[in-house]
1. Taking the Cα centre of each part, how many Å lie between the stretch B:161-186 and the stretch B:68-111?
2. For the A and B pair, go ahead and give the buried accessible area with a 1.4 Å probe, both sides summed, in Å² to 100.
3. If you average the sequence gap of Cα pairs under 8 Å that are 6 or more apart and divide by the length of chain A, what percent do you get for the contact order?
4. To the nearest whole number, what is the average tally of beta carbon atoms from other chains within 10 Å of the beta carbons of peptide B:177-187?
5. Output the peptides A:31-38, A:96-103 sorted from most to least packed, where packing is the average of other Cβ atoms within 10 Å over each peptide's residues.
6. Relative to 2.2 N^0.38 Å, what does the C-alpha radius of gyration of the stretch A:82-218 come to as a ratio? Two decimals please.
7. Please compute the volume of the convex hull spanned by the alpha-carbon atoms of the protein assembly as shown and report it per residue in Å³.
8. Which FRET efficiency, nearest 0.05, do A:Leu84 and B:Arg76 yield, Cβ-Cβ r, R0 22 Å?
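The values are calculated or read from the model by the stated rules, or taken from the named source; none is laboratory data. This one's a predicted model, so the numbers in the text were calculated from it and none came from an experiment. So basically every Cβ, Gly included, is an ideal-geometry build from the backbone, and we count neighbours across all protein chains shown. Ligands, DNA and RNA are excluded from the accessible area calculation, which covers all protein heavy atoms including side chains. Shrake-Rupley method; radii C 1.70, N 1.55, O 1.52, S 1.80 Å.
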There are 2 protein chains.
Amino acid sequence: MTLGWEEIRAEVLRRIRARDWPPGALIPGEEALAEEFGVARATVNRALTALAEAGVLERRKRAGTRVAALPVRRARLEIPVIRLDVLGRGLTYDFRLLADREEAAPVPVTARLGLPEGARLRYLETLHLAGGRPFVLETRWLNPAVLPDPAPDFAAVSANEWLVTHVPLVSGDIAFTAEPASSREAEVMGIAPGTALLVAERTTQGTLGPVTLARLAHAPGHRVTMTF
Amino acid sequence: MTLGWEEIRAEVLRRIRARDWPPGALIPGEEALAEEFGVARATVNRALTALAEAGVLERRKRAGTRVAALPVRRARLEIPVIRLDVLGRGLTYDFRLLADREEAAPVPVTARLGLPEGARLRYLETLHLAGGRPFVLETRWLNPAVLPDPAPDFAAVSANEWLVTHVPLVSGDIAFTAEPASSREAEVMGIAPGTALLVAERTTQGTLGPVTLARLAHAPGHRVTMTF
DNA sequence: TTGGCTAATATGTCTAGACATAATGCAAGT
DNA sequence: ACTTGCATTATGTCTAGACATATTAGCCAA
């Protein structure tokens with residue numbers, strides 16, 4: 001049986017977990033491990049690089065490779081398009097466009113997007129339904145300057161989905177908070193005002209500039225789960 | 001100027017974003033790209049593998065490499081130890097152990113951990129303080145069976161931190177929800193009952209079995225942010 | 001039409017060797 | 001004591017070539 005890089009990764013991980021190589025310890029160099037396992041150095045390198053990307057090892061040239069002392073645990077969140085999220089839960093998906101207008105955006109919005117005060121943005125309000133019941137209330141500010149012409153009819157295609165395929169997105173961030181439902185949210189989602197809602201706020205940057213700021217208010221009981 | 005794999009990754013990404021290679025399209029094979037860029041196939045492979053890991057490309061043997069049609073956007077959450085999180089915000093950190101006892105855990109707890117009903121677990125309640133004010137209320141069930149002997153005094157070392165360095169952790173998951181503050185939470189954190197709280201629920205598995213289930217109720221206004 | 005076999009092919013991985021790069025620590029000079 | 005510079009060293013990356021493996025398309029037979 002010949003060893004592959006994944007097996008070497010597994011063995012290294014086992015030694016770390018078994019405390020053969022305790023947190024903070026310097027582990028043998030690639031050359032030494034390559035000889036021990038009877039593989040080329042590149043194979044060991046592949047394995048160690050993967051572990052470093054996972055945050056288990058810290059590697060520095062000349063200084064060697066050591067076991068992370070306080071391993072920062074990383075969880076990966078996969079953010080699907082809402083439609084697929086709903087379908088993945090075995091529910092039917094539908095949505096309603098509640099508002100679509102262009103107006104001068106409030107200062108907090110322009111500030112978060114890095115646009116000048118008073119910029120005119122497109123405002124969309126979309127209610128996503130799962131199994132016919134309110135799932136997410138999406139309120140979104142779109143920067144019309146970076147949208148391809150012609151922009152579609154967002155009553156027919158959800159902005160959430162259209163953007164992913166039609167605007168080159170570069171980077172963004174997402175923040176989760178818990179907030180009491182506003183009276184508007186309570187009314188639209190059919191819940192009591194003040195109910196605790198999980199809110200995700202997303203900003204997205206494209207190649208041509210800031211694209212959108214979206215606030216997704218999830219129905220009560222919603223869980224956002226990640227694995228690590 | 002000679003090209004490295006990161007530059008090739010950047011160029012491929014540029015072509016994808018420029019719609020030279022639109023979503024769903026098959027891109028040239030490694031061999032062809034290697035020739036075009038004047039590098040070895042392994043270098044192209046390194047670049048494309050990285051992009052595939054990032055979710056931008058989908059690769060299958062024989063079928064070739066194509067641009068992801070609905071790119072799943074992935075955000076990475078780095079979960080630091082609470083102390084470092086607080087210090088990173090420029091606040092002083094402190095904590096108080098409010099409860100520490102062993103008792104038969106409720107069924108939802110044992111079920112989530114995959115332990116038999118009625119298992120006796122150690123229950124810890126810790127209030128984490130940032131700048132002297134309540135930051136996170138942590139309620140944690142610990143599986144004593146997998147803890148090294150002797151377990152430390154959790155009034156002196158936060159369980160949150162001790163576990164990371166003393167128990168080999170393998171995998172786990174984290175879920176965020178928004179919940180109204182219970183009367184206990186309201187009392188301990190000095191807020192009104194029913195206030196919307198961002199709650200993180202974490203389960204962790206170790207090499208020897210399930211380790212812990214922790215519920216972290218964050219003070220109002222708390223944001224969990226990720227970048228992608 | 002259906003099912004299964006086969007050959008072709010693109011990616012996955014490995015090797016052995018080379019040079020690049022960054023960080024460390026020692027030595028020499030101020 | 002303090003800096004500066006250099007040799008050392010571990011990781012980072014690349015090459016050229018090879019074999020492994022998964023998957024598909026096409027073919028053939030039932």
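1. Their Cα centres are 4 Å away from one another.
2. Numbers: alone 13220 and 13220 Å², together 21960 Å².
Summing both sides, the interface buries roughly 4500 Å².
3. It comes to 15 percent, rounded to a whole number.
4. Values: counts 11, 18, 5, 6, 2, 0, 0, 0, 0, 0, 0.
Average per residue, whole number: 4.
5. Values: A:31-38: 14.1, A:96-103: 12.4.
Per-residue Cβ counts within 10 Å, averaged per peptide and sorted highest first, yield A:31-38, A:96-103.
6. Values: Rg = 14.8 Å, N = 137, 2.2 N^0.38 = 14.3 Å.
Here the Cα radius of gyration is 1.04 times the empirical estimate.
7. Values: hull volume 90.4 nm³, N = 456.
So the per-residue Cα hull volume is 198 Å³.
8. Calculated value: 0.65.
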